[in-house]
Amino acid sequence: MTTCPTRRDMLAAATAFGVAGPALSAPEALHREDLFTVSDDGFRLHAREVRPAAPHGASPGAPLILLHGARAPGVASFDLPVAGGSLAGDLAQRLNRRVYVMDARGYGASQRPAAMGRPPEQSRPLSRAFEVVRDIEAVRKLAALRSKDGGSGSRQVGLIGWATGGLWAGFYAALRPESVAGLATINALYGGSDVHPMLGPGSAVAQPGQPRRFDPTTGGYALYPAASLIGVWERNIPVADKDAWRDPALARALAAAVLASDPDSGRHDPPRFRAPLGALEDSFYQACGRRLYDAGSITAPVLLLRSERDFWSRPADLDAFVADAGRSPSVKAVTLAGATHFVHLDRPDRGRDRLLAELIDHFGGIRA
């Protein structure tokens, strides 16, 4: 059964997407603040800082930046106000460091390209990977300034990317290896094969008659009801009782948060949120077997996480990345047994605990 957000859920999500000052305070051990910075090409970008209210022990390591996927923006993906819904909070608390939940351009509280205010057919897919890496650099600079004030003085960051966020994180780590202390991807494509169950050659998003070319008539962005995102999640859960696999309150919070992230969502009936389609175009080419970046340029330790039931990434993507990443001092590939694409939001015993343990082990041993 698809879980729909209640009015209370929507109000909670709207609070979570506040654009100034401290955000959600619970749990009290963490401090949250919504920050803004500007990319080199002029986009105003949002990043939520989640940090221990009272840092403890040794000097913290490099701050972490979490990168969302193609549809749900940062806070909706990584900092929901529900138990088990904040990967950012868990990492900040367990690793004793600052975590930044950013929105790429066109998502969440970040500035949207002007074309997103016009009908989608009037533009080509927006927020391509080569643009989002500029956003990551802007947030890295922000994190460096905040870390200096906080005592760590780190100019490097750790990057964690989920799905398309893994493409963006890897792309950035390859372009700016000196700025990355550690990299982790979760269910990310790389370009290891041209066989894919949804995308790739001849798929629905390919140009007719040109199976390896993305359809040029695809618009700049798409409109999605929250139910479409929850439906994808539920179809990936292999049991009839979806609530046994993931908390229904968390699903409602996700649905409410994605709608609250777009101020125009209420103009549609039913409400729908906008998401740029540059991620889809990039992912199509990765699914065709094209590497959009070279993992051989990455010099940071790498953790590649893939859920066994993931519908997006493929085992061949991990194999190809490992084969290419010859300059990284360590590359660890892990399959999360039985887990879904949304593993970081599933119940602890459905893969989330294992995911969190792997991330803590990986970044806990890395110093900038």
* Mind telling me which of the residues TRP162, TRP168 ends up being within 18 Å of VAL50 (Cβ to Cβ) and of a type in the set (Phe, Trp, Tyr)? => TRP162
* To do: Determine whether the stretch 250-272 contains at least one residue that is of a type in the set (Val, Ile, Thr) and touching a helix residue (DSSP H, G or I) at 6+ places or on another chain (Cβ under 7 Å).
  => yes
* Asked: Do the conditions hold for SER123, that is, is it over 30 Å from GLY351 (Cβ atoms) and either out of contact with any Gly (no Cβ under 8 Å at 6 or more places or on another chain) or modelled with pLDDT of 95 or more (or both)?
  -> yes
* Structure fact -> For the stretch 326-346, the count of residues that are surrounded by 16 or more Cβ atoms within 10 Å (Cβ to Cβ), within 19 Å of the chain's Cα centre (by Cα) and either part of a loop (DSSP other than H, G, I, E, B) or not hydrophobic (A, V, I, L, M, F, W, C) (or both) equals 6
* Asked: Of all residues in the stretch 26-50, which are modelled with pLDDT of 95 or more and among the charged types (D, E, K, R)?
  -> ARG32, GLU33, ASP34, ASP40, ASP41, ARG44, ARG48, GLU49
* **Where ALA316 falls short, out of the listed (1) closer than 17 Å to ASN236 by Cα; (2) touching a Ser or Thr at 6+ places or on another chain (Cβ under 6 Å); (3) small (Gly, Ala, Ser)** => (1)
* Asked: Got at least one residue in the stretch 264-286 being surrounded by fewer than 21 Cβ atoms within 10 Å (Cβ to Cβ), among the aromatic types (Phe, Trp, Tyr) and touching a strand residue (DSSP E or B) at 6+ places or on another chain (Cβ under 9 Å)?
  -> yes
* Identify all residues within the stretch 287-308 that are charged (D, E, K, R) and either under 18 Å from the mean Cα position of the chain (by Cα) or buried (at least 22 other Cβ atoms within 10 Å of the Cβ) (or both); write none if there are none. => ARG306
* Structure fact -> Checked pairs for the stretch 174-201, first within 21 Å of GLU281 (Cβ to Cβ), second among the aliphatic types (A, V, I, L, M) and in a loop (DSSP other than H, G, I, E, B), C-beta under 7 Å and 6 or more apart or across chains, list as ALA174/ILE298; ASN187/ALA163; ALA188/ALA163; GLY191/LEU292; LEU199/VAL205
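The values are calculated or read from the model by the stated rules, or taken from the named source; none is laboratory data. Computed from a predicted model, the values in this text were never measured in an experiment. Methodologically, a virtual Cβ is constructed for each residue, glycine included, from the backbone with ideal geometry; neighbour enumeration extends over all protein chains shown.
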